Structures are given as C-alpha cells and as structure tokens.
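Read through the structure below, which is laid out as structure tokens, and then see the notes.
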Amino acid sequence: MNEKTKYIALLRGVNVGGKNKLPMKELVVLLEASGFGNVKTYIQSGNIILSNKQTDQFVLSEKIKQLIFEQYNFAPNVLVLSLDEIEQAAKDNPFEKAQQQPNLLHLFFLEQFPTNPDFKRVDEIKLASENYLLKGKIFYLHTPEGFGRSKLAMRAEKLLGVNCTARNWRSINKIIELVKNN
C-alpha cells in the first residue's frame, strides 16, 4: 500500500500550565522529517492531523511519542484515531442539545475499553446538572456549569480506570473539518 492514510493524533497534557511545552510549528517539522505527510495542527493543546503509510495506529502512537521524547525529553500519551473513528464518536453524541454550548460538551477518548469503571463514585461526585454516557471507548460529558468546575471532569480518567484525553465539541468538529480539507 503506497497511499498514505489520514489520522488524527491527540496528545494529552501538552502546553498546559507551562508544563510539557511543545511548539506546534516545531512538531510539524519533526513529524514531516520523520516520514509523516500533510501534517497540520489545531490549537496548542496537541491536535495533529497527519498521514502515514503505516496502518497500525498503536505503532503510529508509539512512534510519535518516541519522537517527542527524543526531541523534548517528555513523552505525552498519544492516541491516534482514524477519521471514521472521530466521525462516529461525533455521530454517537447522546447530548444533541448540548452541542449549542460547544465548550461545555466533552468527548473523552479512551485508550482501551474500561473493564471496571466506578460508576457509583461517578454518580456521587457529578453535579446534578451534569450528564454523561460511556459508549465503547468514548466517555461523553456535558458540564453545563463549566468543565473547570466539574469534579467529574477532573477525575474521569481515574474513575474509568483507563488513560484518556478529552476534547470539547468545538474542537471535535474543527478537527473533522480540517481532516476532510487536508
């Protein structure tokens, strides 16, 4: 297969609070020099659109993580998704009305299926106004009072028991648009 497949790489915990600084322009150059094509980034929080001949998303994730480690001396979690996966996650959004508040609706992309999520604790700490749904490897969370005020948002990863990274509804739609136009 010579044709390169388009992917979305979601990096966790970069350029947050002055930690794990990762200049996106430099990252584009690094990835292109390492064989990735059509590399584009969206905002500074680690959203990368790229293409590669490799079809194993785990291998791509590990390669990106290793490149960042070698260049910047830290290794963020990297989750590589196909366009189909991110479009399906958007299509499956159970909180259609929440789309009107795109910064208050978040999709947590999980590295694997959770085997023992602590839903009892989730229900105990969530605000009455909050709604959530776990569907496959996506945890949907609507936080009408603000993502930053949500105890559930802050503890979702621990309560689900798997590594994950979250993106708000606005970012999801922009990433899909960029992939389709890249």
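Okay, residues lined up against (1) closer than 28 Å to LEU27 by Cα; (2) without any contact (Cβ under 8 Å) to a residue 12 or more places away in the chain:
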site	(1), (2)
LEU60	yes, no
ILE64	yes, no
ALA75	yes, yes
VAL78	yes, no
LEU83	yes, no
PRO114	no, no
LYS120	no, yes
LEU141	no, no
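Among the residues of the stretch 123-146, are any of a type in the set (Asp, Glu) and touching a Cys at 6+ places or on another chain (Cβ under 8 Å)? Within the stretch 123-146 (the criterion being of a type in the set (Asp, Glu) and touching a Cys at 6+ places or on another chain (Cβ under 8 Å)), the answer is no, since none of the residues qualifies.
The residue that is farthest from VAL80 (Cα to Cα), among those in the stretch 135-155 that are aliphatic (A, V, I, L, M) and in contact with a Leu (Cβ under 7 Å, 6 or more places away or on another chain), is LEU152.
Selection of the stretch 73-83 for residues being modelled with pLDDT under 95 and either under 14 Å from ARG167 (Cβ atoms) or out of contact with any helix residue (DSSP H, G or I) (no Cβ under 8 Å at 6 or more places or on another chain) (or both) yields ASN73, ASN77.
Out of the residues in the stretch 1-39 meeting the condition of being of a type in the set (Lys, Arg) and surrounded by 15 or more Cβ atoms within 10 Å (Cβ to Cβ), tell me which one is farthest from ASN77 (Cα to Cα). The qualifying residue farthest from ASN77 (Cα to Cα) is LYS4.
Sort out for me the helices (runs of 4 or more DSSP H) sitting completely within the stretch 53-162 that have 3 or more residues that are under 18 Å from the mean Cα position of the chain (by Cα) and closer than 25 Å to VAL14 by Cβ.
Details: elements: 57-72, 83-91, 119-125, 151-160.
Because the criterion is at least 3 residues that are under 18 Å from the mean Cα position of the chain (by Cα) and closer than 25 Å to VAL14 by Cβ, the helices (runs of 4 or more DSSP H) in the stretch 53-162 that meet it are 57-72, 83-91, 151-160.
Filtering the stretch 36-52 to residues that are part of a loop (DSSP other than H, G, I, E, B) and in contact with a strand residue (DSSP E or B) (Cβ under 7 Å, 6 or more places away or on another chain) leaves PHE36, GLY46. Residue check: is GLU157 without any contact (Cβ under 8 Å) to a residue 24 or more places away in the chain and not aliphatic (A, V, I, L, M)? Against the criterion (without any contact (Cβ under 8 Å) to a residue 24 or more places away in the chain and not aliphatic (A, V, I, L, M)), GLU157 does not qualify.
The values are calculated or read from the model by the stated rules, or taken from the named source; none is laboratory data. None of the values given here were measured: they were computed from a predicted structure. In this analysis, Cβ positions are derived from the backbone assuming ideal geometry, glycine residues included, and neighbour counts consider all displayed protein chains.
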